[in-house]
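Novice: Have a look at this one before I ask anything.
Only the coordinates and a few stated rules stand behind these numbers; no lab work does. What you see is a predicted model; the values in this text were computed from it and never measured. Every residue, glycine among them, receives a Cβ derived from its backbone with ideal geometry; neighbour counts consider all protein chains shown.
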Amino acid sequence: MDYGVYKLPLSITMVHLVIKFILAWMVRGALHCYNGQRRVILPWSDYIKKLAPTGIASALDIGLSNWSFEFITISLYTMSKSTCIIFILGFALLFKLEKFRWSLIFIVAFIASGLFLFTYHATQFNDKGFALVLSASFVSGLRWTLAQFVCQKNEIGLGNPIDMMYHVQPWMILSLLPLSAGFEIMTLSTSRQFVASRDYQVLASNCLIIGGGAVLAFMLEFSEFLLLCKTSSLTLSISGILKELCTLFLAHVINGDKMSFVNSLGLVACLCGITLHVVLKAIHRKQEGLQGKDEAIELLLADENDSGNDDNEHFNQSHL
């Protein structure tokens, strides 16, 4: 029995989503018992209008990405998913979450080119898999842009990653359920690895592997929302590229995959682009902070001048 091959990507993603929702519910309950504060619960109107688009886009992103692994390799997936950063930049500029700067365009193009060079050796091309991962990239751009809107709006109250995960998981489950049932229900019902398994040891091992993956997915999503609450979807995407680079680099080291000179140039280009983004982000944030201080000082001085003029007018009127 092959433990590592599961032809049920959508169903496994569904299990991950359910486990993540249960874990988020448990953590919320633990936090409530620890500090005694009631956790935020959105009214149905906000839950539908503001969380549904994010949840649906998230489910499609994860589902399509996992589905594509049936047809393409990790290298080709990473190369294709690198277009996600372009879609995120486009949506961020469209929704005015990022200010247009030529430096952003340069950094995104630089990183995308470096990522392409780093995975240039991928040769197992599949039309269906490529279409799936490209669709996932587009939806991912929309997903993280909408999630940034929700996380950074104080009036919604979902600035805590656990609260955000708790509210968005049900929409992800409902969105992915029709696809999972429509494409994989027959395969799941006859699978000897799960439902039709007669070997309880194999069944327990498979469930343990999937459950462990769900826990890792929970921690990954928590860190993603935590970063998104503090920065932006573009910064999150660029940070995620570093994760993809580490994954591919470990594949080269552990699995013995060959890394050519072109691949090495791509790795260096990606790391330089990420470093440049971090440096420019810090510079722009410092400049915006200084500009905000200058405006506050000017406003304060203007208020003092106005009050001084009012006092002089009052003094002159009292002596007439």
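Novice: Note down the nm distance, to one decimal, between modelled labels 7 Å out along Cα→Cβ at I41 and at S205.
Specialist: Rounded to a tenth, the inter-label distance reads 4.4 nm.
Novice: By the scheme Lys and Arg +1, Asp and Glu -1, what is the net charge of all other residues having a beta-carbon under 9 Å from that of D163? Write down the numbers at each step before the final one.
Specialist: Values: positive: R28, R39; negative: none.
Taking every Cβ under 9 Å from that of D163, the sum is +2.
Novice: To continue, here is another question. Listed highest first by mean packing, meaning other Cβ atoms within 10 Å per residue, what order do 136-147, 81-92, 98-109 come in?
Specialist: Answer by packing, highest mean first, reads 136-147, 81-92, 98-109.
Novice: A follow-up question, please. Here is the link list: K7/K128; K96/K243; K49/K230; K81/K243. Which ones come out longer than 20 Å on Cα distance?
Specialist: Table pairs above 20 Å Cα-Cα are K96/K243; K49/K230.
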